[in-house]
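Enquirer: So that we are looking at the same thing, I have put the structure below in structure tokens.
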Amino acid sequence: MRGKLEGGSGLILGIESSCDETAAAVVQGGKAVLANVVASQIALHAQYGGVVPELASREHLRNLVPVVRAALAEAGIGFGDLDAVAVTEGPGLAGALLVGILYAKALAFGLDKPLIAVNHLEGHIHAVLLESRASDVRASGAPAEEYPLLALVVSGGHTHLYLAEASAVGTWTYRNVGRTVDDAAGEAYDKVAKLLGLGYPGGPWMDRLAAFGDPGSVPFHFGSIKPRQDAGLRFDFSFSGIKTAVLRYVQTQGMAAGIAGRRATIEAHPGMKPEQAAELCDAQTLGLIASFQSAVVGNLLRQTMRAAEAFGARGLLVSGGVAANGELRRRFRAEAERAGLPVAFPSLALSTDNAAMIAAAAWPKYLAGEFAAETMGAQPQLRLGSVG
Ligand code: KG4
Ligand code: ZN
């Protein structure tokens, strides 16, 4: 459905339920975050060491109404003040997505307001655009020659490189020029952390502990990925090899007993902070963690900078849960400065899954009157943009 809107104060309610966070946010005009509420299910899934889809759906059902109410209260508005409802349509867990979509549909129908479908990956990109509208990376109303921007979306489920640009009517187009052929970078972080007996999710644990280790102690290598013959110029990733290399290292170095002890101690202290676990790790373990992180960040950085050069990117956007990583931010900033490219990250709160990014991504669609049809459903495998 497409329609033309006039007037209104630009208040969009965003709803996100694609994985393990139930989130609602109110964003005005695509840039002012009036409320951003996230109910995390981390504690629930931690006991299983990963997201359990059925439990995630049930938790979304339980949390969605209170989270939306909290967002409206925080924004100081009522349902009637909203101009549109935006919701994640995919990619993600089918049941989890459905909870948000059915609620958003019913709400939009009841309020007689437009419903806007947002791709979760586009949401991550707009988390940066939302916050950088006032900074040096051109995000809205910028002259065409400032594009394309190169966006790295790196999270527990995704590792993608997109060339992104705004069209004349303000809506964005994306071209995928890189993706992981196996594990996502965040998934590798989480699996290696689990293997080393650390807490869940593993990314923040590895991030904090890497600071205590020697990043040169274990040499890890990333081979080049052979593109399909019909593929254009691509900058793909692979993270399953380094995960196996860590496993082999742990086995050959006889680290099993130390890992079991650490896992038991961390499990017995549920509130433990990642940095407190440094005392539970010997120098070899800390070196392994630092070496893993240095190699993963180095690989993300190398592929991104190569793609930026090859496609003449005018700026970099880095988003998704792994974009919260301290070393990643430092090294991307330094390298981008060397290359004379502006680089932008979301604030830490908007790096991981949230609904402000969904409401922000919906804004150009709202202005263009790009609304969802009543038949809209969950799209667990949804892709973003074109490939090539
Ligand atoms: O974007 P997100 O909340 O959910 C997905 O869409 O996947 O990302 C979660 C991922 C997890 O794999 C988590 O371990 C990782 O982001 N992560 C980090 C850090 N904080 C979260 N990885 C590395 N360093 C961090 N500081
Ligand atoms: Zn995400």
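Enquirer: Could you tell me whether region 214-236 includes any residue that is under 26 Å from Tyr48 (Cβ atoms), within 16 Å of ligand 1 (Cβ to nearest atom) and touching a helix residue (DSSP H, G or I) at 6+ places or on another chain (Cβ under 6 Å)?
Expert: no
Enquirer: Kindly indicate which of Ala56, Ala127, Ala86 is within 16 Å of ligand 2 (Cβ to nearest atom), touching a residue at least 40 places away in the same chain (Cβ under 8 Å) and in contact with a Ser or Thr (Cβ under 7 Å, 6 or more places away or on another chain).
Expert: Ala127
Enquirer: Please find, within region 358-388, the residue that is nearest to Ala164 (Cα to Cα) out of those that are open to solvent by less than 20 Å² (accessible area, probe 1.4 Å) and in contact with a Ser or Thr (Cβ under 8 Å, 6 or more places away or on another chain).
Expert: Pro364
Enquirer: Now, a different point. Please state which of the following conditions Ala334 fails to meet, knowing it meets all the rest: (1) under 30 Å from Ala32 (Cβ atoms); (2) of a type in the set (A, V, I, L, M, F, W, C); (3) free of Cβ contacts under 8 Å to residues at least 60 places away in the same chain.
Expert: Single failed check for Ala334: (1).
Enquirer: For region 311-327, enumerate the residues that are within 7 Å of ligand 1 (Cβ to nearest atom) and over 21 Å from Ala166 (Cβ atoms).
Expert: From region 311-327, those within 7 Å of ligand 1 (Cβ to nearest atom) are 320-322, 324-326; that's our starting set.
Across region 311-327, the qualifying residues are Gly321, Val322, Ala324, Asn325, Gly326.
Enquirer: Considering only strands (runs of 3 or more DSSP E) fully contained in region 1-100, which possess at least 3 residues that are open to solvent by 20 Å² or more (accessible area, probe 1.4 Å) and of a type in the set (A, V, I, L, M)?
Expert: Counting at least 3 such residues, we get 32-40.
Enquirer: May I pose another question? Filter region 13-41 down to the residues that are over 17 Å from Leu64 (Cβ atoms) and in contact (Cβ under 8 Å) with a residue 60 or more places away in the chain and list them by number.
Expert: Answer for region 13-41, where residues must be over 17 Å from Leu64 (Cβ atoms) and in contact (Cβ under 8 Å) with a residue 60 or more places away in the chain: Val27, Gly29, Gly30, Lys31, Val33.
Enquirer: Mind telling me which of the residues Gly157, Gly203, Gly199 ends up being within 16 Å of ligand 2 (Cβ to nearest atom), in a loop (DSSP other than H, G, I, E, B) and either touching a helix residue (DSSP H, G or I) at 6+ places or on another chain (Cβ under 9 Å) or under 16 Å from Asn299 (Cα atoms) (or both)? Write out each step before concluding.
Expert: Working: Gly203 fails: in a loop (DSSP other than H, G, I, E, B); Gly199 fails: within 16 Å of ligand 2 (Cβ to nearest atom).
Sole residue among the options that is within 16 Å of ligand 2 (Cβ to nearest atom), in a loop (DSSP other than H, G, I, E, B) and either touching a helix residue (DSSP H, G or I) at 6+ places or on another chain (Cβ under 9 Å) or under 16 Å from Asn299 (Cα atoms) (or both): Gly157.
Yes or no, residue by residue, for (1) open to solvent by 30 Å² or more (accessible area, probe 1.4 Å); (2) modelled with pLDDT of 95 or more:
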{"position": "Gly141", "(1), (2)": "yes, no"}
{"position": "Ser155", "(1), (2)": "no, yes"}
{"position": "Tyr162", "(1), (2)": "no, yes"}
{"position": "Trp172", "(1), (2)": "no, yes"}
{"position": "Asn176", "(1), (2)": "no, yes"}
{"position": "Asp182", "(1), (2)": "yes, yes"}
{"position": "Gly186", "(1), (2)": "no, yes"}
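Enquirer: Okay, moving on. Go through Ala324, Ala290, Ala277 for me and flag whichever is open to solvent by 30 Å² or more (accessible area, probe 1.4 Å) and either of a type in the set (A, V, I, L, M, F, W, C) or within 16 Å of ligand 2 (Cβ to nearest atom) (or both).
Expert: On inspection, the qualifying residue turns out to be Ala324.
The values are calculated or read from the model by the stated rules, or taken from the named source; none is laboratory data. It should be emphasised that the depicted structure is a prediction, and the values quoted were computed from it without experimental measurement. Quick reminder, even Gly has a Cβ in these numbers, built from the backbone with ideal geometry, and neighbours come from all protein chains shown. Just so you know, the surface numbers come from the protein's heavy atoms only, side chains and all, with ligands and any DNA or RNA stripped out. Shrake-Rupley method; radii C 1.70, N 1.55, O 1.52, S 1.80 Å.
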